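Asks: Below is the structure I would like to discuss, written out as C-alpha cells.
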Amino acid sequence: KNGFNDNRCVSIKNDILDINIMGIHAKAGDIPNYLSDIKKRFPSYFDIILGDFNAGNYLKDKEDITFKANRKSYLDFMEGYIDVCQGKETTQYFSQIDHILVKNDKKNSKIYRRLNYAIKIIDTIKISDHYPIVFDAEIYN
C-alpha cells in the first residue's frame, strides 16, 4: 500500500519490526530522474535502501558529464543516510555503485545504533558482475 514497487525496485514493510526496506536497481541513463523520483515520493520513509544505484561517490579517470550528474544525484539521494559500503568496490569493474544506505536518524530510526559496519563483499562468487554484500543490523522494536 505505501510501497514503491516497479520493475526496478521492491519495497518491504515489516509491521512487527516497524521497518521499511527498499531494494533498487537504477538503470544507467536514467539515474538522476529515477533517484530524484524516489526521493520526492518518499523523502524519509525507508529505513534501509540498498541495491545497484549505478552511481556513487567515487572518482574515475575519465569523468564525463553523465558520470558527474549520476554522482551528484547519488549524493543528493543519500542525504540523511549513511552508506555502509563507503568506498568498497562492489563490482568486477572495481566500481562503487552498489550501496546499503541506512537512515541516519538517531532519534527516530528503527535501526539500532550498534549497526555492524563491517560489511563483507564476497568477491569469490562470480554469478554476476556485481558481488554479493553482507552486513548485520540489529533491529529493535
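The values are calculated or read from the model by the stated rules, or taken from the named source; none is laboratory data. Just so we're clear, the structure is a prediction, and the values are computed from it rather than from any experiment. Cβ atoms come from the backbone with ideal geometry, glycine included; neighbour counts cover every protein chain shown. Note: areas computed on protein heavy atoms with side chains; ligands, DNA, RNA excluded. Shrake-Rupley method; radii C 1.70, N 1.55, O 1.52, S 1.80 Å.
Asks: With θ set to phi - 60°, apply the Karplus curve 6.51 cos²θ - 1.76 cosθ + 1.60 along region 129-134 and write out the HN-Hα couplings as whole Hz, x wherever there is a Gly or Pro.
Replies: 7, 10, 8, x, 10, 10
Asks: Eigenvalues of the Cα gyration tensor times 5, then square-rooted: what semi-axes does that give for region 53-103, in whole angstrom, largest first?
Replies: 18, 14, 7
Asks: Another question about this same structure. Would you mind telling me the share, in percent, of accessible area of region 1-89 contributed by carbon and sulfur at probe 1.4 angstrom?
Replies: C and S atoms contribute 51 percent here.
Asks: I would also like to ask the following. Over region 1-89, give the accessible area per residue in Å² for a 1.4 Å probe, as an integer.
Replies: Solvent-accessible surface per residue comes out at 59 Å².
Asks: Report, by chain and number, residues whose modeled amide H sits under 5 Å from the one on Ser95, excluding near sequence neighbours (fewer than 5 apart, same chain).
Replies: Thr90
Asks: Give the calculated FRET efficiency between Ile12 and Ile65 to the nearest 0.05, with a Förster radius of 25 Å applied to their Cβ-Cβ distance.
Replies: 0.10
Asks: Less than 14 Å Cβ to Cβ from Glu89, Lys/Arg counted +1 and Asp/Glu -1: what total charge do the surrounding residues give?
Replies: -2
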